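Following: one structure in structure tokens, then a few remarks.
The values are calculated or read from the model by the stated rules, or taken from the named source; none is laboratory data. Values in this document were obtained by computation on a predicted structure and should not be read as measured data. Neighbour counts are summed over all protein chains in view; Cβ atoms, including those assigned to glycine, are modelled from backbone coordinates with ideal geometry.
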Amino acid sequence: MVAKNTENWHGCPIRYGSAVFGDVWSLLILRDIILKGARYYADFLNAGEGISTNILATRLSKLEQEGILARTKDPDHGARVIYTMTEKGKDLVPIMLEIIDWSEKWDAQTEVPAEYIAELRADRAALVKKTRRALG
């Protein structure tokens, strides 16, 4: 039986991580922020995977509640919100890069640019640092 309430899924690191950021939509939101520079609701909505508005709103809210994303009003457009990574969120960069490396190795249809995977494999720590710095 699957637990419906994951608020107290602490203790097991895999269970906790899965509850916080492990569903496909949350990972794609993180991908879009970390690798594609997404900052606005519309950026995530138009990313190409076809996420519904209610799922997107729920996942953004969950990632914010978990302290992975921060939400601020856009100073140029008061009605818009900007999503950014917190320090807790930035700590996911190495994990995301590991997923990219693993997927590039095993997915015959990978879309990872050859230059990017070469940079990742040549100096992982430098790419983590560069990626975190780009997030602000």
Going through the stretch 50-66 one residue at a time, which ones are under 17 Å from GLY17 (Cα atoms) and touching a residue at least 24 places away in the same chain (Cβ under 8 Å)? ARG59, LEU60, LYS62, LEU63, GLU66
Unmet criterion (only one of (1) in a loop (DSSP other than H, G, I, E, B); (2) modelled with pLDDT of 95 or more) for THR110: (2)
GLU119 - would you say it is surrounded by 12 or more Cβ atoms within 10 Å (Cβ to Cβ), over 16 Å from ILE33 (Cβ atoms) and at pLDDT 95 or above? yes
Quick one: would you say ALA19 is closer than 24 Å to LEU127 by Cβ and within 15 Å of the chain's Cα centre (by Cα)? no
Might you let me know whether the stretch 23-33 holds any residue that is in contact with a Lys or Arg (Cβ under 6 Å, 6 or more places away or on another chain), in a loop (DSSP other than H, G, I, E, B), touching a residue at least 12 places away in the same chain (Cβ under 8 Å) and not assigned by TED's automatic domain parsing to the domain that holds GLY136? no
Please work out which one of (1) within 21 Å of VAL24 (Cβ to Cβ); (2) surrounded by fewer than 14 Cβ atoms within 10 Å (Cβ to Cβ); (3) not assigned by TED's automatic domain parsing to the domain that holds GLY17 is the condition SER61 fails and give its number. (3)
Go through the stretch 67-95 and report how many residues are under 20 Å from VAL24 (Cβ atoms), touching a Lys or Arg at 6+ places or on another chain (Cβ under 8 Å) and either without any contact (Cβ under 8 Å) to a residue 24 or more places away in the chain or in a loop (DSSP other than H, G, I, E, B) (or both). 1
Scanning for something assigned to a loop (DSSP other than H, G, I, E, B), in the same structural domain as VAL20 (by TED's automatic domain parsing) and closer than 18 Å to GLY17 by Cα, does the stretch 36-43 turn up at least one residue? no
